[in-house]
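The values are calculated or read from the model by the stated rules, or taken from the named source; none is laboratory data. Values in this document were obtained by computation on a predicted structure and should not be read as measured data. Neighbour counts run over all protein chains shown; Cβ positions are idealised from the backbone, glycine included.
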């Protein structure tokens, strides 16, 4: 009788080791799954939006109407590598150089959009 208890006690640790190994594999699989889900939900859309904003900022030309990240509306007068000269309001003396990253929205010049439709 005592030998049966020893045999069952000896078999129990092997069973728990196998169960622990199986649960470890399952835990790793679930961790990889949730990291993949978070990447698709959080990181991928942000990178896509950043690419769209970069394309928008690279398409800026003189004459375009813009809105800055501060909420100011202006007209682009000149474009350099990373800088644009923007005229704000009706005052022709209010010309400010700005970094392209400070531009939130771009509205193309109406003459350009009409010529593109033809």
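Some points to look at:
- Residue count for region 88-106, restricted to those that are at negative phi and more than 25 Å from the chain's Cα centre (by Cα): 9
- Conditions (1) exposed (fewer than 10 other Cβ atoms within 10 Å of the Cβ); (2) at pLDDT 90 or above; (3) not in a helix (DSSP H, G or I); number of the one not met by residue 90: (2)
- Within region 70-87, being within 26 Å of the chain's Cα centre (by Cα) and exposed (fewer than 14 other Cβ atoms within 10 Å of the Cβ) holds for 70, 71, 73, 80, 81, 82, 83.
- Exclusive hit being outside the structural domain of residue 109 (by TED's automatic domain parsing) and either over 16 Å from residue 104 (Cα atoms) or surrounded by 13 or more Cβ atoms within 10 Å (Cβ to Cβ) (or both), set 38, 67: 38
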